[in-house]
Amino acid sequence: GENDGNPQTQGDPSWQPFLNAPNYPEFTSGANGAVGALTRMLELYFGTDRVVFTVASTNANAKPKIRTYTRLSGLASDTVEVRIYQGLHFRSADEVARKQGRQVADWAFGHVLRPIGG
């Protein structure tokens, strides 16, 4: 962009993020790590990615306020996109974090969340 030191990029002075970027690291995305772990854990528990569920937002600017998903992976994909739209992360930070979260869930499900007596 404008002051990135790269002559190949051009800044857009009219660009504004959807929210003010907080003072925390860009890489990796904590939200995507958590959502990646959550959605993978639920997928392992239910034995399928096809789970119908609804989420609601309390944000006054959210459109739509209520969203229904037919897959857990839909929520995970939207979380990647929203963190980019909010101006908080680059795609790589979101995708790597989502993968990390899924790996944590795989390990936890296989090593900790085991059937009683199993």
Projecting the Cα atoms of Ser92, Val35, Leu113 onto the charge dipole of the chain, where Lys and Arg contribute +1 and Asp and Glu -1 at Cβ, the residue farthest towards the positive end is Leu113
Taking a crude spin-label model, label points 7 Å out from Cα along the C-beta direction, the Gln16 to Glu95 distance in nm is 3.0 nm
Dividing the helical contributions, -39500 (n - 2.57) per DSSP H run of n ≥ 4, by the residues of the chain yields a 222 nm value, nearest 500 deg cm²/dmol, of -15000 deg cm²/dmol
Inter-part gap, Cα centre of the stretch 29-56 to Cα centre of the stretch 67-91, in whole angstrom, is 12 Å
With +1 at each Lys and Arg Cβ and -1 at each Asp and Glu Cβ, the charge dipole magnitude of the stretch 30-109 around its Cα centre, to the nearest 20 debye, comes out at 180 debye
So the compactness index of the chain, its C-alpha Rg divided by 2.2 N^0.38 Å, takes the value 1.30
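Quick note: the coordinates plus some simple rules give every number you see, no bench work behind them. Quick caveat, the model's predicted, so the values are computed rather than measured. Virtual Cβ from ideal backbone geometry, glycine too; neighbours counted across all protein chains shown.
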